[in-house]
Structure formats: structure tokens, C-alpha cells
Amino acid sequence: MNFTDTHCHLADAALRENLTHILTAAREAGVGRFIVPATRPQDWQDVTDLVQRSSENPLLGNIHIALGIHPWFSDDVSEPDFRHLEQALKARPTAWVGEIGLDFYDKTQTPPQREWQIQVFSRQLAIAQTLRRRVIIHNLKATADITAAVKQTGFAQGGIVHAFSGSAEEARMLTKLGFKIGIGSLLLNPNARKIRETLKTLNDTDFVLETDSPFMLKKEINTPANILRIAEIAAQIRGVGAADIAAITERNADSLLRP
């Protein structure tokens, strides 16, 4: 079985120090392709360096990157950051835009803070549309505003709504706009019932697999090798074999990564 981890932060310090071992374990689990997003301008060079290092380390040979500004860091964004992002993307024709999105989990956020998040997200969607790039979207308690921003900006390049935790209805709203649903490490939590119910309802063409490593697990550092565990649980939920999940999600990842 072959797998793609469609969301892993391989440039994060928690993984970077032991990256060869982590990638070797991933390869043994069948994970041979990775999509690596950035979260803020300070990360863009580290993520880009992974691609440059692939000539020295064959385990890095099938890495795809995304450059963007995560909503957690939107307060620090200024106009030059958008110009910098556009220039960085033009220099890397295969890079996606990500990790971008909206996070309205914190109820202490003020209306102006939320509005600025939406503006930062919309500007990055507009850049992605102009350059015809896929996006990776972080969505927490913000599906309605995300769909509104996608429609308002005319974004139509598709991508992934990662680490999905919402309802089947929310998933349908997003797949209708051309997005794949990122099914990930929430499945490793047996108490995460909503995502299990949502996964049952998705069409085969609707989802991809991810870990969001090194994050999401409380008692251990998450790594891309956990894709195999995620696939096995997804197979049980959908009543198919793990090999079927591998085939389905690889086709979906292929469709996104084709030029």
C-alpha cells in the first residue's frame, strides 16, 4: 500500500532534528509522499529548504510544499507580507498556498480581529486564484465564513480543508466548492465521534489522509508513519479494506497534485 501524508510539518523543530529516522519509518509504513505547509513568513525558507535538500536525501524526494500565513499569525501580517508571498510563489511554480484559513475557536476574539482574519484569508485566496494554485485551509468553527470568502473571491482552484472536525453538512458545503476533506489524526482519538460519522457520509472522491505531524497527539510526537493507523481506522469505519482506502486516497491526492 502507498500513502500520501497531505499535511505534515516536516520543517518543524520537533521533526527536523530526527528527520531521516522519521522518514524511514514513514517509508516502512508505506508513506512515500508528503505535502508540507508553512504557517508564517518566518517558516517559508525552512519549508523551501526541504525541497532543496531532496537532492541530498532521497527520502525527501517526493515532497510538495505550500507557503502561506496561518490564521493564528494573522495579527502580525502587514501589506509587504502579501507581496513577499506572491513573489515567493512565483519563484516556486509548483508550491501551493497554505496553511491559510480561519480559526474562530477563541471566543475572546473581538469582531475586528475576526474581520482581519477574514481579510488575510481572502487576500491569500486571491493570490492563489491569480497564480492558479491549490490551497490548504485551516478551519475551526468558521465553515460559513470560509465558504463565503471562497465565493466572494471567486477562488476555484481547489485544495484541502485539513484536519477536518466538522459535520457531514459542513463537509458537503466544502466539497461542493471543489475541496477535499483532510481526514487525519482525530481518528486516533476513540472519543472523536463526529468525524467518524462524517467520514461514513463522504464520497470516495471527497477525502485524503493526513497526520498534521508533529501535532494532534497528547502523549507522543505525531509522525507521518501514523497514516497507516489512520487508514486502518478509516477502513473499519467505511467497511472496506485498508488497501481500498490507500487506493482511493492516492487517486485523490494524485488529482490535486497534477499540474
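The values are calculated or read from the model by the stated rules, or taken from the named source; none is laboratory data. Model, not experiment: these values are computed from the prediction. For neighbour counting, all protein chains shown are included, and Cβ atoms are generated from backbone atoms with ideal geometry for every residue, glycine included. SASA here: full protein model, heavy atoms, side chains in, ligands and nucleic acids out. Shrake-Rupley method; radii C 1.70, N 1.55, O 1.52, S 1.80 Å.
Tabulated data
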| quantity | calculated |
| --- | --- |
| Segments classed as helices (runs of 4 or more DSSP H), wholly inside the range 140-220, with at least 3 members that are over 22 Å from Leu257 (Cβ atoms) and β-branched (Val, Ile, Thr) | 143-153, 193-201 |
| When residues of the range 45-84 are limited to those that are of a type in the set (Ser, Thr, Tyr) and touching a strand residue (DSSP E or B) at 6+ places or on another chain (Cβ under 8 Å), the one farthest from Trp96 (Cα to Cα) | Ser54 |
| Residues satisfying the stated conditions in the range 188-205, i.e. open to solvent by 20 Å² or more (accessible area, probe 1.4 Å), closer than 23 Å to Phe34 by Cβ and touching a residue at least 12 places away in the same chain (Cβ under 8 Å) | Leu188, Asp204, Thr205 |
| Residue in the range 6-17 that is farther than 30 Å from Ala242 by Cα and surrounded by fewer than 23 Cβ atoms within 10 Å (Cβ to Cβ) present | yes |
| Flag if Lys180 is crowded, with 20+ Cβ neighbours inside 10 Å, farther than 19 Å from Ala25 by Cβ, modelled with pLDDT of 95 or more and not hydrophobic (A, V, I, L, M, F, W, C) | yes |
| Residue in the range 210-218 that is free of Cβ contacts under 8 Å to residues at least 40 places away in the same chain and either in contact with a Cys (Cβ under 9 Å, 6 or more places away or on another chain) or surrounded by 23 or more Cβ atoms within 10 Å (Cβ to Cβ) (or both) present | no |
| Enumeration of residues in the range 96-153 that are under 26 Å from Gly184 (Cα atoms), open to solvent by less than 50 Å² (accessible area, probe 1.4 Å) and of a type outside the set (A, V, I, L, M, F, W, C) | Gly98, Glu99, Gly101, Asp103, Gln117, Ser122, Gln124, Arg133, His138, Asn139, Thr143, Thr147 |
| Restricting the range 221-232 to residues that are in a helix (DSSP H, G or I) and within 19 Å of Asn191 (Cα to Cα), the residue that is farthest from the chain's Cα centre (by Cα) | Glu232 |
| Check on Ile221, surrounded by fewer than 19 Cβ atoms within 10 Å (Cβ to Cβ) and in contact with a Pro (Cβ under 8 Å, 6 or more places away or on another chain) | yes |
| Criterion (open to solvent by 30 Å² or more (accessible area, probe 1.4 Å) and either under 20 Å from His138 (Cα atoms) or acidic (Asp, Glu) (or both)) met by exactly one of His64, His84 | His64 |
| Conditions (1) in contact (Cβ under 8 Å) with a residue 40 or more places away in the chain; (2) open to solvent by 10 Å² or more (accessible area, probe 1.4 Å): number failed by Val31 | (2) |
| For Leu10: the one exception among (1) farther than 29 Å from Ile248 by Cβ; (2) in contact (Cβ under 8 Å) with a residue 40 or more places away in the chain | (1) |
| Matching residues, the range 233-245, being part of a helix (DSSP H, G or I) and surrounded by fewer than 16 Cβ atoms within 10 Å (Cβ to Cβ) | Gln236, Ala243 |
| Qualifying position, being within 22 Å of Ala148 (Cβ to Cβ) and in contact with a helix residue (DSSP H, G or I) (Cβ under 8 Å, 6 or more places away or on another chain), among Leu102, Leu50, Leu23 | Leu102 |
| Filter pass, Glu220 being more than 18 Å from Ile35 (Cα to Cα), modelled with pLDDT under 95 and out of contact with any strand residue (DSSP E or B) (no Cβ under 9 Å at 6 or more places or on another chain) | yes |
| Gly154 in contact with a helix residue (DSSP H, G or I) (Cβ under 9 Å, 6 or more places away or on another chain) and farther than 17 Å from Gly68 by Cα | yes |
